[in-house]
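Participant: My questions will all concern the structure given below.
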Amino acid sequence: MFWTQGFKEKLFISLSLSRLFLIAIVVFFGFSLLTKKFLSLTNLFNFMHASVPLMFVATGLTIVVLARNLDISVGSVAFLAPVVGSTLLVRYGFPLPLSVGVVLLVGLLAGLCNGLIVTRLKVNSFIATLGTMMVFRGIGLQIVKGRTIGLPSVLSNLSSVRFGGFYWDILVSLVFLIFLHVVHTRTPFGRYVSAVGSDPDVCRRAGIDVDKVVLLSFLLSGLFASVGGLWLSMQLGSVSLRMGIGMEFVALASIVIGGISLFGGEGSLFPGLLLGVYILYMIESGLNYLGVSPYFYPFVRGGLIFSAMYVDSLRVRLTKEGKTSSVKG
Amino acid sequence: MEDWREASRKVVLEVKGLCKFFGGIKAVNNVDFKLYEREIVGIVGDNGAGKSTLIKVLSGVYEKTAGKIFVHGQEVEIRNPGDARRLGIETVYQDQGLIPIFDAASNLFLGREKLQEGFLGRVFKLVDDKFMIQETERTLSSLGIDIKDARSKVLYLSGGQRQTVAIGRAVYWKGKILIFDEPTNNLGVKQERRVLELIKRIRDELGASIIIISHNIAHIFEVVDRIIVLRNGEKVGEKLKTETNPAEIVAMITGVS
Amino acid sequence: MLRREEAIRYLPLMVFVVIVIILGLVVPQLLSVRNIVNVLNQSAALGLMAVGITFTMVTGGIDLSGPSVMALGGILGAMVMREGGPLVIGVVVMVLFCMALGMLNGFAVAYLKMVPFVVTLSMMYISMGASIWLTREVSVSVPPAFVKVLTFRILDLPFPVFLFFAIAFLAFGFLRKTQYGRWLYATGSNPTVAKILGVPVEQVVFKAYLFSGLFAGLSAVVTTARLMSASSKMGGEGVILNVVGAAVVGGVSVHGAEGSVLGAAIGAIFITILENMMNMMQVSYYLSLIAKGSLVVAVVAFDCWRKERFYYKRG
């Protein structure tokens, strides 16, 4: 029975993935039965379009989570980066391409900040990003001095370009996701990320530069968060004070639903995260159609996170047979 | 292995057909052995031979996959460390199993703290520090260690002193079957000597039966009465110390003869 | 009694004490009895939550949901009283409800083995959402009798200050001298060893989150009495930063097993003074976020540095 243990794991993982597909299908058709409006291609494209900013943010965050870290500053980065860019654009008349470039740069810098705090100062990623979350938001709020910045209409028009119902930004988000997925599965860096997430000590001993991997993961998270923020502000046509608040929570929810383990190492961007984001949005827009108030969304997300995390911890317990388990955070 | 002593001495612990599998990995495979009263048995083997796993089964950290365990002739089930302790099996682990920020007394009594009498004591489960410190000082000095400050955290103690605290814990709780996992690891030469002498004294003065795991053949030969050799989870040899020599034991460990 | 290496843990706190003394010399009114009592009154709510979060941090986890659970509990209690319920029931509702949520957290972390940070982060957002939903962003006012009862003075000290001190010292004694306290620190230091030695690790962790809920509930009572109302803003995002900041400055380590509730309580007083100072200097709310966020990161980094140097020395 040499293969029993490994087989058990593989079985569980493939069950999890197919479970995702199943859930996606169930949710979609379930809601379609409940409201006639749901089952339509336009509607599908609508919520896919709405999920684009989150898709960016969650994609970057996934890399950090795969490496066994957390980055809850993504919401604030998604706020700060567009704030800087739009301030330069609107208040100082910078050319558009440069402003966009600055947005990305801010994201990278934020990621660098996080990465350095975690790798050099050796602070826990959750405390570190809790702190930077506040700092970034504070900086952003200070820059806008409490006012909303309106963006030129060309930008919001750009974001709503569609081809017969299919918004082009859905394609962009998918391209980014697939790109990062390829990086994750085909490049050495991507494999290191999962390896570090599974067992950083073993990696260190094997000669992998764990700090560099972690630093890069935070850089990616910051960069993608800024892209997400950029797109969100384009969709809304403005940069507002409360933009991005709570985004880290929704991103985490979609990551966890997508089968990515918070303990690191396990999970995929495609189809994992992709399905996670869409399932979450499907459930929320479905509930919306049913007339459920948006105030319930936190409950929904919380409930989803709990169930997905429960399954995740079950998996950890099942595949760690024989060892005394620990309760440390 | 027939032995004139077998008839006259009591068997304190016996293991028959013991197996511990982790999925497809047979860490311990069909091991038999007996532990007699007042003797020190050394279990040796290469890395991965199953020594650590075997004693973890005996001390309740792992649950056996198959086989039988007998303590004082009675068949027993050891499902968790508490069961093992209740049977009088106390273990001194490789990393001592001490809490660094606690003092010696708190470590000795961890999990079995002495509570204060009296109404308040019982309601809030207040710990009786005075009692625990007294007992600890008494135990440690009887083991020949003068802990200058019983109230200081064990992480300030030297490796040898910490090892003694760990041993003190096993002794204090009246372990009749003591298991030492690599007791001389990470110790200086003088401290190694002290620990080995201590183990012998525990056997003599307290009448305990002791199992020692070590990969240091020289140390094994210094203190044990009998040697059991494991290789790939199976018992490949058992010899009285007086009837063998290090070279033979090493040959049995590596399987090259 | 404290070795040098350990005293270093309290360095941030000592720096704060020195700063306060210096400020007191420059601005004598700062050290007047009246002002001190005032500050203590203000920091009572934060202090209670800081004591609560210490329990969870000692286990190596954390409870991020304290403030928002407090807000929700406060709102529920206020609503009960608004509908004519007796004051006692109002208080009981606040405390018990927060404890119930604490139990949920504890159950998920201890028995379902989920990651504390994410569990309590979820609870934070859920309870924030619930607060907003219940109140539609309008604060719920609290009967004047409630306010009067809870702000009466004993020995010329407002009740909240009394409660704060009493709880801080009781909790300190509890963690120092009881079996549970020993078990809590043992679990935080090395749960594997603790478990082998027979410590009921799951129970210990569960109770830690339960205590966190309890203190959040007490904080709800105190806060609603002081603000004379309950609102969802009570548990805003900036508050958890204050709570974590208080604990961390007070010497509680995020890695577990180090720090005391007294330190956290003093840290809470410090954070309150810091906030007051920033207010007086007209520092914008935004800048204060930056300052506090950086402070938390800096102190935790200091803690990590201290640990590395310290443990390396010992070998």
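The values are calculated or read from the model by the stated rules, or taken from the named source; none is laboratory data. All values derive from a computational prediction rather than experimental measurement. Backbone-built Cβ (ideal geometry, glycine too); neighbour counts: all protein chains shown.
Participant: Working only within the stretch C:185-207, note down all residues that are more than 16 Å from B:Glu113 (Cβ to Cβ) and not in a helix (DSSP H, G or I).
Facilitator: Scanning the stretch C:185-207 gives a single hit, C:Asn190.
Participant: Counting only residues that are over 16 Å from B:Val28 (Cα atoms) and loosely packed, with under 15 Cβ neighbours inside 10 Å, which one in the stretch B:56-81 is nearest to the other protein chains (Cβ to nearest Cβ)?
Facilitator: So the residue we want is B:Arg79.
Participant: Same structure again: Can you tell me which residues in the stretch A:83-124 are at pLDDT 90 or above and under 15 Å from A:Val64 (Cα atoms)?
Facilitator: A:Gly107, A:Leu108, A:Ala110, A:Gly111, A:Leu112, A:Cys113, A:Asn114, A:Gly115, A:Leu116, A:Ile117, A:Val118, A:Thr119
Residues are listed down the side, and each one gets a yes or a no for (1) in contact (Cβ under 8 Å) with a residue 24 or more places away in the chain; (2) more than 14 Å from chain B (Cβ to nearest Cβ); (3) surrounded by fewer than 24 Cβ atoms within 10 Å (Cβ to Cβ):
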residue	(1), (2), (3)
C:Thr178	no, no, yes
C:Ser189	yes, no, yes
C:Thr192	no, no, yes
C:Tyr209	yes, yes, no
C:Ala216	yes, yes, no
C:Val222	yes, yes, no
C:Gly235	yes, yes, no
C:Ile240	yes, yes, no
C:Val243	yes, yes, no
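Participant: Counting only residues that are surrounded by 14 or more Cβ atoms within 10 Å (Cβ to Cβ), modelled with pLDDT under 85 and of a type in the set (Phe, Trp, Tyr), how many does the stretch C:286-315 have?
Facilitator: Total meeting the criteria: 3.
Per-residue answers, yes or no, for (1) acidic (Asp, Glu); (2) within 11 Å of another protein chain (Cβ to nearest Cβ); (3) more than 30 Å from C:Leu170 (Cβ to Cβ):
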| site | (1), (2), (3) |
| --- | --- |
| C:Val248 | no, yes, no |
| C:Gly256 | no, yes, no |
| C:Val261 | no, no, no |
| C:Asn276 | no, no, no |
| C:Asn279 | no, no, yes |
| C:Ala291 | no, yes, yes |
| C:Cys304 | no, yes, yes |
| C:Arg309 | no, no, yes |
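Participant: Still on this model: Filter the stretch A:286-309 down to the residues that are within 10 Å of another protein chain (Cβ to nearest Cβ), farther than 13 Å from A:Val250 by Cβ and more than 20 Å from the chain's Cα centre (by Cα) and list them by number.
Facilitator: Of everything in the stretch A:286-309, those that are within 10 Å of another protein chain (Cβ to nearest Cβ), farther than 13 Å from A:Val250 by Cβ and more than 20 Å from the chain's Cα centre (by Cα) turn out to be A:Ser293, A:Tyr295, A:Phe296.
Participant: OK, next. Just to be sure I understand, how many residues within the stretch A:226-245 are buried (at least 24 other Cβ atoms within 10 Å of the Cβ), in a loop (DSSP other than H, G, I, E, B) and of a type in the set (A, V, I, L, M)?
Facilitator: Final tally of qualifying residues: 0.
Participant: May I ask you to verify whether A:Leu88 is part of a helix (DSSP H, G or I) and surrounded by fewer than 24 Cβ atoms within 10 Å (Cβ to Cβ)?
Facilitator: It is true that A:Leu88 is part of a helix (DSSP H, G or I) and surrounded by fewer than 24 Cβ atoms within 10 Å (Cβ to Cβ).
Participant: Determine which member of the set A:Gly75, A:Gly107, A:Gly131 is within 11 Å of another protein chain (Cβ to nearest Cβ), within 17 Å of the chain's Cα centre (by Cα) and either assigned to a helix (DSSP H, G or I) or not acidic (Asp, Glu) (or both).
Facilitator: A:Gly75
Participant: Looking for something closer than 30 Å to C:Leu295 by Cβ and not in a helix (DSSP H, G or I) - is there at least one such residue anywhere in the stretch A:203-213?
Facilitator: no
Participant: Can you pull out the residues in the stretch B:91-138 that are within 23 Å of the chain's Cα centre (by Cα), facing another protein chain (nearest Cβ under 9 Å), part of a strand (DSSP E or B) and of a type in the set (A, V, I, L, M)?
Facilitator: Residues satisfying the conditions do not exist here.
Participant: In addition: Answer yes or no: is there a residue in the stretch C:90-113 that is at pLDDT below 90, within 14 Å of chain A (Cβ to nearest Cβ), out of contact with any strand residue (DSSP E or B) (no Cβ under 9 Å at 6 or more places or on another chain) and over 17 Å from C:Val147 (Cβ atoms).
Facilitator: Yes; the residues of the stretch C:90-113 include at least one that is at pLDDT below 90, within 14 Å of chain A (Cβ to nearest Cβ), out of contact with any strand residue (DSSP E or B) (no Cβ under 9 Å at 6 or more places or on another chain) and over 17 Å from C:Val147 (Cβ atoms).
Participant: Where in the stretch C:2-73 are the helices (runs of 4 or more DSSP H), entirely inside, with at least 1 residues that are in contact with a Phe, Trp or Tyr (Cβ under 6 Å, 6 or more places away or on another chain) and modelled with pLDDT of 75 or more?
Facilitator: Filter on the stretch C:2-73 gives C:11-26, C:33-58.
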